[in-house]
Amino acid sequence: MSQKLELQNIVKIFNKGTVNEATIFDGFNLSVEQGEFVSIVGSNGSGKTTLLNIISGNVPIESGKILLNGEDITRQKEYIRARKIGRVFQDPSKGTANTMTIAENMALAENKGKLYGLTRGLNKKKIEEYRDMLRPLNLGLEDKINVEVGSLSGGQRQALTLLIATMTPIDLLLLDEHTAALDPKTSQDIMELTNRIVKEKQITTLMVTHNLRFAVEYGSRLMMFNKGTAVIDKAGEEKQKLVVDDLLKTFNEISIECGN
């Protein structure tokens, strides 16, 4: 299996040269195989979201290398990386345009990375294609195709954002607490949908979550971070044997050590 994502000797320091200087990663290495679905947990400040920000190009690094599909993307701008990296945030409103319809949002997503955005209106054929894509979500969004996205519920928006993030072929999907703002039932539904999309499209995925049960139940690999280091890294059968109590024990030990 070829390595899909590789981070080599990553160094990330915040507020460098000030009294608030903080080193999050110091020579951090990570290899993620093609098609792996990695769940990442850890306390606040452990480096989880910083990791996603570094990969997406949202946060620059002091030194090190980021390789995606063998290509060095370390110095690539965020908007260039966005052509091959999809990202879904905790806030359902972040991945879609509020005042545009579902169809218009999907058209924008489909044209991602191309020279032109919305072409001369949306023809009937395109609308039907989008309806076919929305139907498997089982949220009735195919009947709301001309409705402004801002009027949808949080769960509907997050489902749409997931679909939009994976509409065009991407090399990597980053999920940043993407179920945290939803009620338990909707969170579960979005998690099931996530799992289905990732498996069907075989997308290499990193999912940051505070939900230890989701981290245990979903994905092919689980990592727990503390101070920019992976204190747990289990894949395959080892991951399948993990239970929430194992994670809680380590999590609590780390929290006590950090004085939380």
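The values are calculated or read from the model by the stated rules, or taken from the named source; none is laboratory data. Since this is a predicted model, take the numbers as computed values, not measurements. Ligands, DNA and RNA are stripped out before the accessible areas are found, and what is left, the full protein with its side chains, is counted by its heavy atoms. Shrake-Rupley method; radii C 1.70, N 1.55, O 1.52, S 1.80 Å.
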Using a 1.4 Å probe, what is the accessible area per residue for region 1-56, in Å²? 43 Å²
Surpassing 31 Å at the alpha-carbon level, of the pairs Lys4/Lys185; Lys185/Lys234; Lys16/Lys77; Lys77/Lys185; Lys12/Lys249; Lys48/Lys199, are Lys4/Lys185; Lys77/Lys185
Hey, what's region 100-231 come to in accessible area per residue, 1.4 Å probe, Å²? 47 Å²
Can you tell me, using C-alpha contacts under 8 Å and at least 6 residues apart, the relative contact order of the chain as a whole percent? 26 percent
At a 1.4 Å probe, what is the % contribution of carbon and sulfur to the accessible area of the chain? 49 percent
I'd like the distance separating the alpha-carbon centroids of region 140-218 and region 65-90, in whole Å. 20 Å
Under 8 Å for C-alpha pairs, at least 6 residues apart: give me the relative contact order for region 155-260, rounded to a whole percent. 21 percent
Heavy-atom accessible area ranking, 1.4 Å probe, most first, across Val243, Val11: Val243, Val11
What number, in percent, do you get for the relative contact order of region 57-158 if the mean sequence gap of Cα pairs under 8 Å and at least 6 apart is divided by its residue count? 29 percent
